[in-house]
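The values are calculated or read from the model by the stated rules, or taken from the named source; none is laboratory data. Just so we're clear, the structure is a prediction, and the values are computed from it rather than from any experiment. Every residue, glycine as well, gets a Cβ built from its backbone with ideal geometry; the counts of neighbours run over all protein chains shown. Accessible surface is based on the protein model in full, side chains and every heavy atom, while ligands, DNA and RNA are left aside. Shrake-Rupley method; radii C 1.70, N 1.55, O 1.52, S 1.80 Å.
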Amino acid sequence: QVQLVESGGGLVQAGGSLRLSCAASGRTFSGSTMGWFRQAPGKEREFVAAITRIGSTTYYADSVVGRFTISRDTAKNILYLQMNNLKPEDTAVYYCAATPRLPSGTYYYPGPSDFDYWGQGTQVTVSS
């Protein structure tokens, strides 16, 4: 089993920044992929960003390119999402997720069903 615990959510003003963290524990998978999803009320859970465990190849949704940065500290088993220039439309519950599968090619836009392990979620609210 893999346990994921998010932290760092909160209330920020538009244009501000926030850093989310995801602490991973338990069994790990070589070459696994970790990512962030978000879900706003009444909306489908959507992909935000992903990173491979080995090689640190990153992928982003078009809506966050240039504003969000995904990274990981492999030694500490922590996944990060640095969010800059936040907008009200970024308001959602953000979830950390993991999968043993590895993306191929330059295009990667996974759905929630592509990931096996999930954190409890952390609320991010951006005021206008």
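With the condition being touching a residue at least 24 places away in the same chain (Cβ under 8 Å) and more than 14 Å from GLY121 (Cα to Cα), I'd like the strands (runs of 3 or more DSSP E) fully within the range 1-101 carrying at least 2 qualifying residues. I'd like the intermediate steps shown before the answer.
On the way: elements: 2-7, 10-13, 18-26, 33-39, 46-52, 58-60, 68-73, 78-83, 92-99.
Result: 10-13, 18-26, 33-39, 46-52, 68-73, 78-83.
Every residue in the range 66-98 that is β-branched (Val, Ile, Thr) and within 18 Å of GLY111 (Cα to Cα), please.
Restricting attention to the range 66-98, the residues satisfying the condition of being β-branched (Val, Ile, Thr) are 69-70, 74, 78, 91, 93.
Scanning the range 66-98 gives ILE70, VAL93.
Take the residues of the range 63-98 that are of a type in the set (Val, Ile, Thr) and under 15 Å from GLU6 (Cβ atoms): which is least open to solvent (accessible area, probe 1.4 Å)?
In the first step, residues of the range 63-98 are kept if they are of a type in the set (Val, Ile, Thr); the result is 64-65, 69-70, 74, 78, 91, 93.
Imposing the further condition that a residue be under 15 Å from GLU6 (Cβ atoms) reduces the set to 70, 78, 93.
Working: ILE70: 7, ILE78: 42, VAL93: 37 Å².
My answer is ILE70.
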- Message: With the requirement that a residue be modelled with pLDDT of 90 or more, exposed (fewer than 14 other Cβ atoms within 10 Å of the Cβ) and not acidic (Asp, Glu), what does the range 41-62 give you?
- Response: PRO41, GLY42, LYS43
- Every residue from the range 69-88 that is at pLDDT 90 or above and either small (Gly, Ala, Ser) or touching a helix residue (DSSP H, G or I) at 6+ places or on another chain (Cβ under 8 Å) (or both): SER71, MET83
